[in-house]
Each structure stands twice: as structure tokens, then as C-alpha cells.
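Here's the structure, in C-alpha cells; my notes come after.
Any read-out appearing in this document is the output of simple, stated calculations on the displayed coordinates, not a laboratory observation. Just so you know, these numbers come straight off a predicted model, no measurement behind them. As a convention, Cβ positions derive from the backbone with ideal geometry for all residues, glycine included, and neighbour counts pool all protein chains shown.
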């Protein structure tokens, strides 16, 4: 059974650009959540989707958005990139909310 | 506010010894807890979970203990091996939030 797949693995963008990251959950999983990991702030929750609906949102500015498709795949978008957005963005999927969450390898975003 | 913290940022143990990694949480409403292991360049890997109606759960070489009275969680690794070297995170979840709140992480170093 394939795990959580995130693409791309690495990205380099310049300030002011926007970026879209993709996450394919484990087959059969309906809940997808996104996290930002930085050395200074650790792992911070961005948002969670379940059956195409955003169920929870973390304390991030509106530049961070996401969506989930009918096949449970999810994308997150960051607009008007800032240097501080450089981080490892992790996606996790679970069968349903409040159950085991399995993470992908992450997308390493560098903003220059 | 909500917080999950780890007492020791770095733990060094000798190969073959047992390791204990501790975690404190402050949200008394949290009812689900997970331990993750993260190796360099990889996403967090699910190790073991426990719900608040239990105080102990065992897996292969790992045991999680939950003390709700003092809001404390621990991960015990038996016969620690070099491959156990990684950063370990505890995470908490509650039905109120449906999102994982992560601790800051503890680095486990195993030396021969």
C-alpha cells in the first residue's frame, strides 16, 4: 500500500511568487492535514480537510490556503511568498479525524 | 493556552540500554496522543498512539505511558539501537480541535 506522497520534494521560489504543493493521501484515507516545520517554530498545524471541507485552520495568514478534491488529494497554496515561508511542508493523512495520521516526506520550500 | 512540551531536548544513551522520552501537555481536553520519530530528511514516522481511556500501551520494543493526573506522556524504547537515533515528537489531539499539536521534539542519540 503506497504511503502519503508529496510533490515536489524540493522547490526554490523568489519573494513575491506563489507556490502550490500537492499531497496524495494513503488510499482510502479521507482526512488530510498540512503542517509547517521550521527549526525555530517546530511543527505547526496549517489546516485540515475532510471530505473536501476545511474542518480546521491554524494561525497562519490568509496567504496560506488549501483545498481537497473528491479523490481526497489535497493542495496547499502560498501566495506572495516571504523569506520566512521557507520551511518543510508536511502533509498527513488519516482514515478519519482523530485517528492515526501518517506523514509524507514533505516538500522543502526555499524562498530567496 | 494549549501547549505540549518536552523536558529534554537531547537524550544520549548507550546501545542496548532503555530510553525514556518525556512529554508534558497542558490541554486537559486532549484525549488522543501520538509519538512520532523523525529522521533527517524524512517526514515524521508514526510509532505508537494511546487514547485517554488507557494509561499504557505496548508495541514492538516501545511502550507509551499516559498519566492524566499530571498530564504527562512518556515513550520507552527497550534495547535502544543505533537506528533509533532520531528526533522524537509527542503530539496531542482532542475532539474539540481535531488537529495535532506537537511538542518541540527530543533528539535521541545512541552511541556504541
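Under a point spin-label approximation (7 Å from Cα along Cα-to-Cβ), what is the residue B:15-residue B:72 distance to one decimal in nm?
Here the modelled spin labels are 3.2 nm apart.
Once fully extended, how much extra length lies between residue B:52 and residue B:79, figured as 0.36 nm per residue of separation less the alpha-carbon to alpha-carbon distance?
Answer, rounded to one decimal: 7.0 nm.
Report D for the protein assembly as shown in µm² per second (integer): Stokes-Einstein, Kirkwood Rh on Cα pairs, 4 °C, 1.567 mPa s.
The Stokes-Einstein estimate is 72 µm²/s.
Sticking with the crude label model, points 7 Å out along Cα→Cβ, report the distance from residue A:96 to residue A:112 in nm, one decimal please.
4.7
For the stretch A:2-79, go through all pairs of different Cα atoms, get the mean of 1/r, take its inverse, and jot down that Kirkwood value in Å.
Its Kirkwood hydrodynamic radius stands at 13.2 Å.
Below 8 Å between Cα atoms, with a sequence gap of 6+, how large is the relative contact order for chain B in percent?
Once divided by the residue count of chain B, the mean separation gives 37 percent.
Counting C-alpha atoms alone, how compact is the stretch A:34-112: give Rg to one decimal and Dmax as a whole number, in angstrom.
Over the stretch A:34-112's Cα set, Rg and Dmax evaluate to 12.5, 37 Å.
With label points built 7 Å along Cα→Cβ from the Cα atoms of residue B:40 and residue A:7, find their separation and express it in nm.
2.9
Given an 8 Å cut-off on Cα distances and at least 6 residues of separation, report the relative contact order of chain A as a percent.
37
Express in nm, to one decimal, how much length is gained between residue A:56 and residue A:83 on full extension, taking 0.36 nm for each residue of separation and deducting their alpha carbon distance.
That pair, residue A:56 and residue A:83, stretches by 7.2 nm at full extension.
Based on the alpha carbon coordinates of chain B, what radius of gyration and maximum Cα-Cα distance (Dmax) apply, in Å?
13.4, 44
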